[in-house]
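Remarks on the structure that follows.
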């Protein structure tokens, strides 16, 4: 047993699950949501709980290719899923969510060059995230390793900017 307990986080997207996390866990771990969702999670939980965000990144500057990669996950088009409900709560139309409109994809997935992705990470931190874990979408393990190596220098800037927690 570790001397320091690991924090318990709930993968909570909606308000009721985030309230439960505030009562019974150490915080939340939302994934594939825009920074506005992070801001609302922080407001719901207050300063005493952790908000750890999982940001999916696509290191590609071709908009059509990056958006197609994001859409291919199928993450946003599951009817009745917590993702759909949470995006509707943020004001996105269900048709846009289910169709994977450019606006929805751009809100939920960070894509572009290294600095563009780092700006999205900063946006989550500025919205109240304590930590942002970056997960790249890549066709294979070798490509993913290459993308993490390319992203690392841009994400290291987060530490130098005085954030409370490093970006991974």
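Exactly one residue out of 147, 158 is surrounded by 14 or more Cβ atoms within 10 Å (Cβ to Cβ), touching a strand residue (DSSP E or B) at 6+ places or on another chain (Cβ under 9 Å), in a helix (DSSP H, G or I) and modelled with pLDDT under 95: that is 158. For the residues 27, 22, the requirement of being in contact with a strand residue (DSSP E or B) (Cβ under 9 Å, 6 or more places away or on another chain), surrounded by 17 or more Cβ atoms within 10 Å (Cβ to Cβ), farther than 21 Å from residue 100 by Cβ and in contact (Cβ under 8 Å) with a residue 60 or more places away in the chain singles out 27. Among all positions in segment 76-95, there is at least one residue which is modelled with pLDDT under 95, in a helix (DSSP H, G or I) and farther than 26 Å from residue 9 by Cα. Scanning segment 1-36 for residues that are under 26 Å from residue 106 (Cβ atoms), touching a helix residue (DSSP H, G or I) at 6+ places or on another chain (Cβ under 6 Å) and in a helix (DSSP H, G or I) yields 18, 35.
Can you tell me which residue within segment 96-134, out of those that are part of a loop (DSSP other than H, G, I, E, B) and in contact with a helix residue (DSSP H, G or I) (Cβ under 6 Å, 6 or more places away or on another chain), is farthest from residue 52 (Cα to Cα)? Quick ask: steps written out before the conclusion?
The initial filter retains those residues of segment 96-134 that are part of a loop (DSSP other than H, G, I, E, B), namely 100-101, 109, 112-113, 127-130.
Checking which are in contact with a helix residue (DSSP H, G or I) (Cβ under 6 Å, 6 or more places away or on another chain) leaves us with 100, 109, 127-129.
On the way: 100: 25, 109: 16, 127: 12, 128: 9, 129: 6 Å.
Of everything passing the filter in segment 96-134, 100 is farthest from residue 52 (Cα to Cα).
In segment 124-152, the residues that are without any contact (Cβ under 8 Å) to a residue 60 or more places away in the chain reach residues that are surrounded by 14 or more Cβ atoms within 10 Å (Cβ to Cβ) and part of a loop (DSSP other than H, G, I, E, B) with C-beta atoms within less than 6 angstrom, at least six apart or across chains, in these pairs: 125/163; 144/138.
If we keep just the residues of segment 57-75 that are outside any helix (DSSP H, G or I) and touching a residue at least 12 places away in the same chain (Cβ under 8 Å), which is surrounded by the fewest Cβ atoms within 10 Å (Cβ to Cβ)? Residue satisfying both the conditions and the ranking: 61.
The values are calculated or read from the model by the stated rules, or taken from the named source; none is laboratory data. All values reported here derive from a predicted model rather than from experimental measurement. A quick note on method: Cβ atoms are made from the backbone with ideal geometry, for glycine too, and the neighbour counts reach across all protein chains shown.
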